């Protein structure tokens with residue numbers, strides 16, 4: 001069973017230790033095709 005990553009920043013660790021991850025590479029194509037002047041991409045704040 002795959003693990004759910006929490007606070008892991010290393011892609012290699014995600015792969016090597018069998019964690020779930022979501023590849024959002026196709027989003028880049030969508031951003032480029034829209035032709036918007038501004039695109040805001042937000043992310044959750046990092047826990048310290």
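The values are calculated or read from the model by the stated rules, or taken from the named source; none is laboratory data. Please read these numbers as outputs of a predicted model, since none were measured by experiment. Don't worry about glycine lacking a Cβ; one is built from the backbone with ideal geometry, like all the others, and counts go over all protein chains shown.
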Check residue 39 against each of (1) in a helix (DSSP H, G or I); (2) modelled with pLDDT under 85; (3) surrounded by 10 or more Cβ atoms within 10 Å (Cβ to Cβ) and name the one condition it does not meet. (1)
Close pairs from the range 5-28: first farther than 18 Å from residue 44 by Cβ, partner assigned to a loop (DSSP other than H, G, I, E, B), Cβ under 7 Å, at least 6 apart: 18/2
Has the range 10-17 got at least one residue that is surrounded by fewer than 10 Cβ atoms within 10 Å (Cβ to Cβ), out of contact with any strand residue (DSSP E or B) (no Cβ under 7 Å at 6 or more places or on another chain) and at pLDDT below 90? no
Going through the range 18-36 in order, the residues found to be assigned to a helix (DSSP H, G or I) and surrounded by 10 or more Cβ atoms within 10 Å (Cβ to Cβ) are 27, 30, 31, 32
